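Visitor: Please see the structure below; I have some questions.
Since every read-out is calculated from the coordinates, none of them should be taken as a lab result. Keep in mind the model is a prediction, meaning the values are calculated, not measured. Here the Cβ is made from the backbone with ideal geometry for all residues, glycine too, and neighbour counts use every protein chain on show.
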Amino acid sequence: MNTRRDFLQKISMGLGAAALSPLMSQASFFSANKIPGRKLNVALMGLGGYAGIVARAMKQCQMATLTGIVTGTPSKIDKWKKDYNIADKNIYNYDNLQNIAKNPDIDVVYITTPNSLHQKHVLQVAATGKHVICEKPLADTAQQAREMIAACKKAGVKFYVGYRLHFQPHTREIIRMRQAGEFGKIMHVNNYMGFRIGDPTQWRLKKALAGGGAMMDVGVYALNGARYATGEEPIWVTAQEAKTDPVKFAEVDETVTFQLGFPGGAIAECGTTYNFNNFERLYMIGEKGFAELSPAFGYGPIKGRTHLGELQIQDVTHQAAQMDGLADCILNGKPDPNMTGEEGLKDMIVIDAVYESIRKNGQKILINQ
Ligand code: NDP
């Protein structure tokens with residue numbers, strides 16, 4: 001049988017997309033036989049830019065479907081109803097969210113609100129008894145993330161962070177190769193992710209809504225990438241910030257470089273910025289080989305090469321792959337990918353240390369996870 005579920009099982013077993021088909025097309029990835037059984041019913045909370053991307057991508061999903069919305073802006077409702085065929089009884093705002101508890105049309109709420117609202121919203125959703133997916137960065141601090149995990153555990157609901165790359169074929173392939181020992185011992189990692197941010201009035205530049213700047217928003221990709229490149233958790237951090245525009249970046253970090261020390265001896269040299277473009281790469285070097293993804297962390301198409309040559313893998317729509325993958329976990333009990341709340345917490349612990357090191361003029365911060 002050649003179903004999408006078979007494919008997801010194969011990649012989750014670590015065979016990797018490349019091993020299945022050298023050039024798997026987007027069409028064949030998503031238009032395989034329909035999966036029997038019911039779909040995961042998803043409500044999106046916070047109908048901004050990223051919610052729109054997720055909603056459009058979910059039209060390709062085989063195992064997940066958009067059934068509800070939570071919004072604080074009534075003027076958005078008509079368009080979302082029309083575009084996604086949302087029933088009136090599945091439309092909520094931030095004040096009547098608790099009524100979702102009784103709604104059988106919603107299994108999971110996917111939170112796509114500004115960073116500093118994540119904790120409050122995760123706690124609210126967990127209290128309804130629905131599963132939770134929360135966008136990155138998981139929270140403002142590790143302590144908040146711990147409280148979110150505890151609330152979801154107490155409520156008996158699944159809790160995921162939107163690390164879409166863990167269902168992305170190139171990313172999965174380099175992880176598979178590392179786990180299979182094809183690079184040998186990992187000696188060094190060099191990751192960076194950033195962009196030049198526009199509108200100076202947006203919430204991403206306000207500490208009260210963003211929690212932090214580039215490090216929180218996209219530095220987390222370089223950091224998470226260093227963890228999947230090594231398969232280890234960092235034991236120390238050093239970090240530095242460069243601020244070339246103290247007016248625009250008065251409240252949040254602009255450009256951050258940070259170094260992560262791993263128990264195996266590798267150091268990851270990482271960077272992030274809100275003030276220039278063309279800054280996106282993952283590069284991991286082992287004793288026997290290397291992998292480079294460039295671009296590595298955006299919506300794709302992701303491209304890459306290893307010491308064996310170009311990665312002959314076609315990219316997919318990340319958000320569709322993520323939502324089908326999570327549906328398989330929630331509905332069919334497939335093992336959770338590396339995008340649980342605990343994984344988000346591991347990154348928050350390091351982000352806390354990055355900011356502590358910056359505050360202490362680059363002092364080495366030891367981490368006990
Ligand atoms: P937007 O500003 O485009 O949307 C955020 C939405 O949250 C708003 O449209 C609004 O929806 C709701 N909201 C509720 N309270 C507030 C408030 N006080 N101020 C502003 N908006 C509010 O942000 P994005 O969609 O770009 O980002 C949302 C989250 O998604 C962030 O955490 C971000 O890091 C993450 N993200 C993840 C990406 C990924 O690749 N995984 C990519 C891009 C973003 P409404 O009017 O419906 O209430």
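Visitor: Given 37 °C and 0.692 mPa s, compute D for region 272-369 with the Stokes-Einstein relation, Rh being the Kirkwood radius over Cα pairs; round to the nearest whole µm²/s. Display every interim value, and only then the final one.
Guide: On the way: Rh = 16.9 Å.
It diffuses with D of about 195 µm²/s by this estimate.
Visitor: Bin width 5 Å, alpha-carbon pairs only: give the P(r) of region 166-275 as whole percents, running from 0 to the bin holding the largest distance.
Guide: P(r) over region 166-275, rounded to whole percents: 2, 12, 20, 20, 15, 13, 9, 6, 2, 0.
Visitor: Still on this structure, I have one more. Give me Leu293, Leu47 ranked fewest to most by other Cβ atoms within 10 Å of their Cβ, as a rough exposure proxy. Walk me through the numbers before you get to the answer.
Guide: Numbers: Leu293 26, Leu47 20.
Fewest-to-most ranking of Leu293, Leu47: Leu47, Leu293.
Visitor: On to the next question. Which of Thr306, Thr113, Thr201 moves the most in a Gaussian network model of the chain with Cα springs under 10 Å?
Guide: Thr201
Visitor: Next question, about the same structure. Can you check what the Kirkwood hydrodynamic radius comes to for region 31-164, Cα pairs only, in Å to one decimal? Could the numbers behind the result be given before it?
Guide: Values: mean 1/r = 0.0665 Å⁻¹.
Roughly 15.0 Å, rounded to one decimal.
Visitor: For each pair in Lys76/Lys303; Lys102/Lys153; Lys303/Lys364, compute the distance between the two Cα atoms and list the pairs where it is over 28 Å. Before the final figure, lay out each step's value.
Guide: Numbers: Lys76/Lys303 36 Å; Lys102/Lys153 20 Å; Lys303/Lys364 34 Å.
Cα-Cα > 28 Å for Lys76/Lys303; Lys303/Lys364; rest within.
Visitor: Counting Lys +1, Arg +1, Asp -1, Glu -1, what net charge surrounds Gly156 among other residues with beta carbon under 14 Å of its beta carbon?
Guide: On the way: positive: Lys130, Lys153, Lys154, Lys158; negative: Asp107.
The answer is +3.
Visitor: Would you kindly state how much longer the chain becomes between Asp199 and Val247 on full extension, computed as 0.36 nm times their sequence separation minus their alpha carbon distance, in nm to one decimal?
Guide: On the way: separation 48, 0.36 × 48 = 17.28 nm, distance 1.30 nm.
That works out to 16.0 nm of additional length.
Visitor: Distance between Cα centroids, region 176-212 to region 120-156: provide it in whole Å.
Guide: Each part's Cα centre sits 22 Å from the other's.
Visitor: Enumerate lysine pairs in region 166-301 that are 8 or more residues apart or on different chains, then count those whose Cα atoms are under 17 Å apart.
Guide: Values: Lys185/Lys288; Lys206/Lys243; Lys206/Lys248; Lys207/Lys243; Lys207/Lys248.
Counting lysine pairs in region 166-301 gives 5.
Visitor: Turning to a different aspect of this structure: Determine, for each peptide in 273-282, 242-251, 120-129, 218-227, the mean count of other beta carbons within 10 angstrom over its residues, then list the peptides with the highest first.
Guide: Top to bottom by mean Cβ count within 10 Å: 218-227, 120-129, 273-282, 242-251.
Visitor: Grab the other residues whose beta carbon is less than 13 angstrom from that of Leu366, score K and R as +1, D and E as -1, and report the net. Mind dumping the intermediate values first?
Guide: On the way: positive: Lys360, Lys364; negative: Glu233, Asp352, Glu356.
Taking every other residue near Leu366 into account, the sum is -1.
Visitor: In the neighborhood of Asn275, defined by Cβ-to-Cβ distances under 11 Å, what is the net charge if each Lys or Arg adds +1 and each Asp or Glu adds -1? Walk me through the numbers before you get to the answer.
Guide: Numbers: positive: Arg196, Lys243, Lys248; negative: Asp245, Asp253, Glu254.
Charge balance near Asn275 sits at 0.
Visitor: In sequence order, what are the phi-derived ³J(HN,Hα) couplings for region 40-47 according to the Karplus relation 6.51 cos²θ - 1.76 cosθ + 1.60 with θ = phi - 60°, rounded to whole Hz, with x for glycine and proline?
Guide: After applying 6.51 cos²θ - 1.76 cosθ + 1.60, I find 6, 8, 10, 10, 9, 10, x, 8 Hz.
Visitor: How large is the charge dipole for region 84-228, taken about the Cα centre, if only the Cβ atoms of Lys, Arg (+1) and Asp, Glu (-1) carry charge, to the nearest 20 debye?
Guide: Details: 19 positive and 11 negative charges, 83 e Å.
That gives a dipole near 400 debye.
Visitor: Further question on the same structure: What nm distance separates the two modelled labels at Ala180 and Gln240, each placed 7 Å from Cα along Cα→Cβ?
Guide: It is 3.9 nm.
Visitor: For n ≥ 4 DSSP H runs only, could you compute -39500 (n - 2.57) per run for the chain, divide by its residues and tell me the 222 nm figure to the nearest 500?
Guide: Details: 12 runs with 121 residues, N = 369.
Value at 222 nm, helices only, nearest 500: -9500 deg cm²/dmol.
Visitor: Compute, for the chain, the length of the dipole vector about the Cα centre, with Cβ point charges of +1 (Lys, Arg) and -1 (Asp, Glu) only. Units Debye, rounded to 20.
Guide: 800
Visitor: While we're here: Return the long-range amide H neighbours of Leu40 (sequence gap of 5 or more, or a different chain), with a cut-off of under 5 Å between placed amide H atoms.
Guide: Ala64, Thr65
Visitor: Here is a further query. Could you tell me the convex hull volume per residue, in Å³, taken over the Cα atoms of the chain?
Guide: Numbers: hull volume 47.9 nm³, N = 369.
Given the Cα convex hull of the chain, per-residue volume reads 130 Å³.
Visitor: Now for a separate question. Go through region 255-269 residue by residue and turn each phi into a ³J(HN,Hα) via Karplus (6.51, -1.76, 1.60, θ = phi - 60°); whole Hz please, and just put x for glycine and proline.
Guide: Result, rounded to whole Hz: 10, 10, 10, 8, 10, 10, x, 10, x, x, x, 5, 10, 9, 9.
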